[in-house]
Structures are given as C-alpha cells and as structure tokens.
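*Asks:* My structure is below; once you've seen it, I'll send some questions.
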Amino acid sequence: MRVAVFASGGGTNLQTLLDSCRPPEAAHVVLVASDEPAAGALDRARTAGVATHVIPDPGDGDAIVEVLRDVETDLVVLAGYLKLVPLGVVRAFEGRIINIHPALLPAFGGKGMYGAHVHRAVIESGATVSGVTVHLVNEEFDRGKIVAQWPVPVKAADTPETLAARVLEVEHQLLPAVVLAAARNGKVVRLPFPRAAFSAADAPAVTNTAVST
Ligand code: GRF
C-alpha cells in the first residue's frame with residue numbers, strides 16, 4: 001500500500017509511519033506533502049529519502065489529486081495537517097483518506113480544534129477521559145466515520161501540555177496500527193477497542209466532591 005502523508009507541523013506521527021512502514025509490512029510511505037514549506041515533517045521525509053511536495057494552494061483539489069496520482073497513492077494519511085481537504089480530493093480518494101485527532105471524536109473536534117486548543121477544551125470541560133481518534137476524512141473537519149479510538153486518562157493536575165504529551169504517546173501507537181492493518185487488508189479497516197490501553201489503575205479515585213462550575 002503506497003501511503004502519502006500530509007503534515008503541517010513537526011511530524012512526530014509521520015516519523016512513526018516512516019519507521020513502521022517498512023518490509024515485511026506491505027505499507028510504504030511514498031510522499032510527504034505539506035502546506036508549510038518550513039514544516040519539520042518535510043525534513044523528516046528528506047532524511048528518510050522520501051519524496052516531498054509543498055502544496056502551493058491547499059484549496060486546489062485538482063492539483064492535489066494530480067500529485068497523489070503521480071505517485072500512485074493508495075492511502076492518504078493526514079498527520080497534523082491543518083487545512084481542509086478539498087471536496088475533489090475527498091471524492092477521488094473516497095474511503096482512502098484518514099486523519100488522526102488528539103481527542104475522542106465527535107467531541108472536541110471541528111474547525112479551530114487542533115493542538116493545545118483541543119487539550120485546553122478537554123480540561124475545561126471537566127472530562128476525565130480523552131483519547132485519540134483515527135477517522136475517515138470527508139468534506140468537514142473531524143466528521144468522517146471513526147476507524148479507531150483509544151482512551152487516555154485526564155489527570156487532575158493536567159495542563160494542555162501534559163495532556164498533549166500523554167495523548168501523543170498513544171497517537172504514535174494507534175496511527176501505525178491503523179495504517180498497517182489497512183495495508184494487510186487492502187483497505188481501511190476498523191480496529192477493535194484495546195482493552196489493555198486503559199488500565200483501572202489510571203482511573204481517578206472516586207470522591208464525593210462538589211463539581212465547580
Ligand atoms: C497531533 O496531535 C495530531 O493528532 C494532530 O496534530 C498533531 C501533530 O503532531 N492532528 P506531529 O506533527 O505529528 O508531531
């Protein structure tokens with residue numbers, strides 16, 4: 001399975017794909033594209049010897065489809081890509097574009113919900129569980145069908161930074177798991193809920209304290 005990765009930022013999730021999509025696995029990263037010429041993700045691709053592309057106009061779906069077809073893309077992975085994918089690309093690669101989101105969708109998603117904004121909103125909501133979602137991409141931000149979710153506990157002392165770090169560790173496991181499962185099955189498949197990922201020891205002690213509003 002020939003994988004194209006779109007990333008706007010540093011690309012730690014991309015790195016997990018570069019590291020895991022190798023023989024004997026049937027997945028291979030063939031292109032890394034970014035809307036941001038200075039993205040660390042492009043440096044990671046160059047270091048790994050993978051072709052790169054800077055997207056001149058993220059709204060130009062025809063141009064993006066052409067770039068993806070040129071490298072015979074089977075699967076598109078959005079790994080920290082901050083632009084909306086044009087409808088023409090969604091249609092051309094229906095069911096073959098996935099995105100990773102650092103919370104449990106459908107909560108805490110949508111336009112403007114990225115990076116620290118997501119984790120701050122989770123903490124402010126009082127939620128005790130956050131997590132990671134991988135979903136199919138449609139024409140709306142964070143609304144496509146969910147493919148895999150892993151929970152991550154939110155701790156009382158969490159800041160957006162500490163929660164982001166705990167969530168990112170799980171992202172680095174879940175994204176390669178979804179991509180390698182897709183490669184083995186020849187299409188994106190749903191992953192079961194991982195019982196081991198959220199141990200009872202992580203759960204906060206139950207106390208009868210009042211909820212402050
Ligand atoms: C991750 O939290 C991902 O879920 C979100 O953007 C972040 C990208 O991080 N969509 P990185 O560039 O992969 O390090």
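*Asks:* Within the range 114-141, how many residues are surrounded by fewer than 18 Cβ atoms within 10 Å (Cβ to Cβ), over 19 Å from Leu175 (Cα atoms) and within 13 Å of the ligand (Cβ to nearest atom)?
*Replies:* Total satisfying the criteria: 2.
*Asks:* Right, another one. Find the helices (runs of 4 or more DSSP H) located wholly in the range 72-190 whose residues include 3 or more that are in contact with a Ser or Thr (Cβ under 8 Å, 6 or more places away or on another chain) and touching a residue at least 60 places away in the same chain (Cβ under 8 Å), and list them.
*Replies:* Details: elements: 87-92, 116-125, 160-185.
Answer list for the range 72-190: 160-185.
*Asks:* Please find, within the range 75-95, the residue that is farthest from the ligand (Cβ to nearest atom) out of those that are more than 14 Å from Gly144 (Cα to Cα) and open to solvent by 60 Å² or more (accessible area, probe 1.4 Å).
*Replies:* Restricting to residues being more than 14 Å from Gly144 (Cα to Cα) and open to solvent by 60 Å² or more (accessible area, probe 1.4 Å), the top hit is Lys83.
*Asks:* Name the single residue, out of those in the range 21-60 being part of a loop (DSSP other than H, G, I, E, B) and either touching a Cys at 6+ places or on another chain (Cβ under 6 Å) or among the basic types (Lys, Arg) (or both), that is surrounded by the fewest Cβ atoms within 10 Å (Cβ to Cβ). Before the answer, list the steps.
*Replies:* Going through the range 21-60, the residues part of a loop (DSSP other than H, G, I, E, B) turn out to be 21-27, 35-39, 48-50, 55-60.
Filter once more, keeping what is either touching a Cys at 6+ places or on another chain (Cβ under 6 Å) or among the basic types (Lys, Arg) (or both): 22, 27.
Working: Arg22: 12, Ala27: 23.
Taking the candidates together, the pick is Arg22.
*Asks:* If you don't mind, another one. Hey, does the range 160-170 have a residue that's open to solvent by 10 Å² or more (accessible area, probe 1.4 Å) and either under 16 Å from Tyr81 (Cα atoms) or touching an Asp or Glu at 6+ places or on another chain (Cβ under 6 Å) (or both)?
*Replies:* Yes, the range 160-170 has at least one match.
*Asks:* Residues in the range 158-183 that are more than 11 Å from the ligand (Cβ to nearest atom) and under 17 Å from Ala4 (Cα atoms): how many?
*Replies:* 8
The values are calculated or read from the model by the stated rules, or taken from the named source; none is laboratory data. Because the structure is predicted, anything quoted here is derived from the model rather than measured. Glycine gets a Cβ as well: all are built from the backbone with ideal geometry, and neighbour counts include every protein chain shown. Quick note on the areas: whole protein, heavy atoms, side chains included, nothing else; ligands and nucleic acids left out. Shrake-Rupley method; radii C 1.70, N 1.55, O 1.52, S 1.80 Å.
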